[in-house]
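Notes to accompany the following structure.
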Amino acid sequence: MEDVIIGLEIHVQLNRLRSKMFCGCSTDYHNSEPNSHTCPVCLGLPGSLPVLNKKAVEFGIKVGLALNCTIEEETLFYRKNYYYPDLPKGFQISQYDFPLATRGHIMILGDDGVERDIRINRAHMEEDPGRLVHAGTIDRAKYTMVDYNRCGMPLLEVVTEPDLHSPKEARAFLDKLKSILEYLEVFDGSLEGSMRVDANISLKGGDRTEIKNISGFKGVEKALSYEITRQKNMQRRNIKVVQETRHFDEIRNITVSIRSKVGAHDYRYFPECDLVGLRIASWVPAIKAALPELPDAKRKRFVEQYNLSDDHAKSLTSEIKVANFYEAVAARAPPKLAAVWIADVLKGELNYRDQTVDGFSQEHMAEIVNMLAESKITEDGAVQIIRDLLDGRGSSPDEIVKSKGLGKAKDDVVQKAVREAVAESADAVADYKAGSERALNFIVGVVMKKTRGKASPGEVHKLVKAEVEKM
Ligand code: ZN
Ligand code: MN
């Protein structure tokens, strides 16, 4: 879809900070009463003065570096003037000229299956406005309430170049950004409203629309898909797409026009006179030296150190929690086998149950992988153990193996069952000798019955074939 052009502006809450951007109010407001985390500064009362949270700037620099941006030597805050009920000061403290970080890039997997860099125009700091709670949908609400708890939450706004070409690529970009932010320990994506996306979208040659404030990555994909269809239909009917701001209605799954586009000059940006310019050049080296290993580097290391396929390494490193879990298991069990079972089985079972890896014991996973490596259990048995543990049936792999009799039959027992089954299945043996390969399946079935499923079908098939061939 080269004819679709998408750029994103992502508001990221630096929600692993303890206090807000310009005051001492706690950022831990998510389960609190509305308007209980406020003070004169974040309520914008006259005479109150902002004091910058130094840690927020350090977090911002961390992110800027991880996004391969240039960190400006000196950075400035501006006032972005507009009136809205969730913005009690009548302006938002943001950045304009001299933003914190500029010209970066991160790599995503494109729709064509090739990885490529998506350019980042800038990343700047600003404060979050409050939150409006509409009674019903935004365009039909009877009334709206306002909660100022979110006012002054530290935000980083990441702006991409228009390098994305489909809803799926937009999703891939957001997934990668989230992954990096969680690696940096500046962000917790599980909190409501922690990442909000504005998407600019146009068809080649047409004007662009901006969809504001989409929450949730699925929401972004849906909103973009709807907007592409809408613009294509207009193009087909020769109606001009007008440049405007639209809202994504999650309930009706459509975008609706909310206002015509506002230009930067309408915001009357001017330097925030209550905050001085910040010289940050000297902060950068120490922050850079302390950056953790990031997803792409970890993925490369997993391939080299544990001899994993690139797909497994990618799957295991997309979330820092899963990467740490894998390394803990790989220290106690064969790493390659552990990768297969965590990436291909455990992750799927967790996803299906909407659970995270936090709820699964590393020791248990290592135990399961070791039992597989030593042929003490079958693959079916291992899947069963994982499911039982996730669903709260049984307390340990060992206990489940014993109570459910999942232990793999000893080889001599299998061999004995194979000899018996072949002896009892004269017709099937004759069919096989007459050229029917499938006749062996019957004998395999008899062996499985005799060993009550504790042998692996693949191995039994080999043994049966060898036994029949001897005759
Ligand atoms: Zn406050
Ligand atoms: Mn913004």
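The values are calculated or read from the model by the stated rules, or taken from the named source; none is laboratory data. Keep in mind it's a predicted model, so treat the numbers as computed, not measured. Note that we place each Cβ from the backbone using ideal geometry, even for glycine, and neighbour counts take in every protein chain shown. We work out accessible area using only protein heavy atoms, side chains counted, and drop any ligands, DNA or RNA first. Shrake-Rupley method; radii C 1.70, N 1.55, O 1.52, S 1.80 Å.
List of remarks:
- Gly458 vs. criteria in a loop (DSSP other than H, G, I, E, B) and either surrounded by fewer than 13 Cβ atoms within 10 Å (Cβ to Cβ) or free of Cβ contacts under 8 Å to residues at least 24 places away in the same chain (or both): no
Residues are listed down the side, and each one gets a yes or a no for (1) part of a loop (DSSP other than H, G, I, E, B); (2) modelled with pLDDT of 95 or more; (3) over 30 Å from Thr229 (Cβ atoms):
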{"residue": "Asn68", "(1), (2), (3)": "yes, yes, yes"}
{"residue": "Phe98", "(1), (2), (3)": "yes, yes, yes"}
{"residue": "Ile106", "(1), (2), (3)": "no, yes, no"}
{"residue": "His124", "(1), (2), (3)": "no, yes, yes"}
{"residue": "Ile138", "(1), (2), (3)": "yes, no, no"}
{"residue": "Gly152", "(1), (2), (3)": "yes, yes, yes"}
{"residue": "Pro162", "(1), (2), (3)": "yes, yes, no"}
{"residue": "Ala170", "(1), (2), (3)": "no, yes, no"}
{"residue": "Leu174", "(1), (2), (3)": "no, yes, no"}
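- Scanning the range 158-165 turns up no residue that is of a type in the set (A, V, I, L, M, F, W, C), farther than 25 Å from Ser94 by Cβ and either away from ligand 2 (no atom under 16 Å from the Cβ) or outside the structural domain of Gln243 (by TED's automatic domain parsing) (or both).
- Residue check for Lys176: more than 15 Å from Glu9 (Cα to Cα) and open to solvent by 10 Å² or more (accessible area, probe 1.4 Å): no
- The one condition in (1) touching a residue at least 24 places away in the same chain (Cβ under 8 Å); (2) open to solvent by less than 40 Å² (accessible area, probe 1.4 Å) that Cys39 fails to fulfil: (1)
- Any hit, the range 412-433, residues being open to solvent by 30 Å² or more (accessible area, probe 1.4 Å) and outside any helix (DSSP H, G or I): no
- Qualifying residue in the range 395-402 (condition: open to solvent by 50 Å² or more (accessible area, probe 1.4 Å) and either of a type in the set (Gly, Ala, Ser) or in contact (Cβ under 8 Å) with a residue 24 or more places away in the chain (or both)): yes
- Any hit, the range 288-301, residues being open to solvent by less than 40 Å² (accessible area, probe 1.4 Å), at negative phi, in contact with a Pro (Cβ under 8 Å, 6 or more places away or on another chain) and outside the structural domain of Gly64 (by TED's automatic domain parsing): no
- Answer residue from the range 438-455, given it is part of a loop (DSSP other than H, G, I, E, B) and of a type in the set (Gly, Ala, Ser) and is least open to solvent (accessible area, probe 1.4 Å) among those: Ala455
- Candidate set from the range 9-36 (those that are part of a loop (DSSP other than H, G, I, E, B) and away from ligand 1 (no atom under 14 Å from the Cβ)); member that is surrounded by the most Cβ atoms within 10 Å (Cβ to Cβ): Leu14
- Some residue of the range 43-52 being within 16 Å of ligand 2 (Cβ to nearest atom), in a loop (DSSP other than H, G, I, E, B) and open to solvent by less than 30 Å² (accessible area, probe 1.4 Å): no
- Options Ile61, Ile138, Ile93, Ile71: the member that is open to solvent by less than 10 Å² (accessible area, probe 1.4 Å), more than 16 Å from ligand 1 (Cβ to nearest atom) and in contact (Cβ under 8 Å) with a residue 40 or more places away in the chain: Ile61
- Test result for Glu161, open to solvent by less than 20 Å² (accessible area, probe 1.4 Å) and of a type in the set (D, E, K, R): no
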